[in-house]
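Computed from the coordinates by the stated procedures, all read-outs in this text should not be read as laboratory data. These numbers come from a predicted model, not from an experiment. FYI the Cβ positions are ideal-geometry reconstructions off the backbone, even for glycines, and counts take in every protein chain you see.
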Amino acid sequence: MNSIVARLIALAGVMIAITMAVGLIAYYGAAYFHLQVMMKHMPPEARQELAGLIAHGQQASPRYFALFERYGSGALDISDAGFILAIGITSIVAGGTVAVLLARRISQPIIAVAEAAAAVAAGDRSVRVAKGRVSGEVGTLIDSFNRMASDIEAYERERTVFTAGVTHELRTPLTILKGRLHGIADGMVPASAAEADRLLRQVEHLGRIVEDLKTLAHADAGELALDRRNLMVDDVLRVCVTDLRGSAVAAEVEFAEHYAGGKVHGDAVRLSQIFLNLLTNAIKHAPVGSRIQVSSRTDGHRAIIEVIDAGGGFAPQDAQRLFMPFWRSRADKVAGRPGSGLGLALAEKLAEAHGGRIVASNRQDRSGAIFRVELPLAQA
């Protein structure tokens, strides 16, 4: 009874039942009224004889019909068109009233969804439809609409953060370039090789941001080109650790490595981007003198790569925002840690492009964060 079709069938059944009930009630009521009127106009002897026939259950006897034919001509005729029309009108009114009430009950949640959809289209992303006791197809419709509205609201928030992030990250190098170039044009800044190197670094920074944005866009659209081949995930991870060992030494932290991963089918360059971003993030948050644990292992049909630091971890309310493009925690901003906020977002998209995922959690034994990359192992 939860589907719309079942409810409409039930509504049709109720209409038929009401029509039949009204017709039967009217018929027997009219017959009873006909009998009473006829008996009222009959002579006492005939009335007594008719009552005796009814008492003995002889309504189908010839004598009973003879008395009806003789004395019932002046009473109501239940076979005339007016009586039938009255029954039809009564049935339509009663059935129509019930049908309208039931139809309103069936259509009310659908109307609520339509009104909410119009509100969302008008710009109100926070509107939701109360489900109440509604179930079946309409309940599924309400659940789907509420999920859609929540996704749209989340998308709008991410788009706002993304736009603000792009503006902020591009403004700084562009401002530097504009100011220094104006100084060179006005003769206030010497056009030296050192100045050219300084400007080139800003251009390269802009190029990295643009390239990361391009990769994110392609990954979101499912159009990211991957040069997939079977490779040992430990080899890729070990090279990334080696490349960043100098940065770790400069930050006065060290790597604790353990490699036991398997073979994956992926793009070595893109996997390197994932690991480099996670390792760079760990170096940035690790306190002086601490160790960053880098490990790989297999678990069923997956390769598990973990990067564990001993920093401050992240706030529980920030767990859903860690991988948003350009999002940076308040602690990072207060501490003045460098970064564009694209590293984790890019790492997540690249992991998903390989059929895997990245899971972030806080350490349970002490302060610090754990970033776990899960990648499907290559098929034999």
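How much mean residue ellipticity at 222 nm does the chain get from its helices, if each DSSP H run of length 4 or more adds -39500 (n - 2.57) and you divide by all residues, to the nearest 500 deg cm²/dmol?
The per-residue figure over the chain is -21000 deg cm²/dmol.
Compute the distance in nm between two label points, each set 7 Å from the Cα along the Cα-to-Cβ direction, one at A191 and one at R159.
Distance between the two pseudo-spin positions: 4.4 nm.
Per the Kirkwood formula on distinct C-alpha pairs, the Rh of region 80-219 is how many angstrom?
Roughly 21.6 Å, rounded to one decimal.
Run the reach check for K40 against aspartates and glutamates, Cα to Cα strictly under 19 Å, same-chain hits fewer than 8 apart removed. What comes back?
E49, E69, D77
Name the helices (complete DSSP H segments) of the chain with a Cα length along the long axis of 20 Å or more and a Kyte-Doolittle mean of at least 0.0, or state none.
4-41, 81-121, 268-285
With a Förster radius of 41 Å, plug the Cβ-Cβ distance of V113 and A217 into 1/(1 + (r/R0)^6) and report the FRET value to the nearest 0.05.
So the FRET efficiency works out to roughly 0.80.
R0 = 25 Å: FRET efficiency of D235 with L206, Cβ-based, nearest 0.05?
0.20
Aspartates and glutamates within cross-link reach of K178: Cα-Cα under 19 Å, excluding same-chain residues under 8 positions apart?
Output for K178: E169, D186, E195, D197, E204.
Among rounded, prolate and oblate, which fits region 229-376 when a ≥ b ≥ c are the square roots of the eigenvalues of its C-alpha gyration tensor, a/c under 1.5 means rounded, and a/b larger than b/c means prolate?
Prolate shape, in that a/c is at least 1.5 and a/b is the bigger ratio.
Length gain on complete extension for the stretch K131 to T167, per 0.36 nm per residue less the alpha carbon to alpha carbon distance?
Gain on extension, K131 to T167, equals 8.9 nm.
Hey, got the Cα dimensions of the chain along the principal axes, in Å, largest first?
Between the extreme Cα coordinates on each principal axis of the chain lie 135, 59, 39 Å.
Once both labels are modelled 7 Å past Cα along the beta-carbon direction, what's the E257-L85 spacing in nm?
In this crude label model, E257 to L85 measures out at 10.0 nm.
Beyond 16 Å, what share of the Cα-Cα pairs of region 158-220 is found? Please give it as a whole percent.
54 percent
For a Förster distance of 30 Å, can you work out the FRET efficiency between the beta-carbons of R47 and I25, rounded to the nearest 0.05?
0.70
May I ask for the distance between the Cα centers of region 94-166 and region 263-291, given as a whole number of Å?
Between the Cα centres of region 94-166 and region 263-291 lies a distance of 42 Å.
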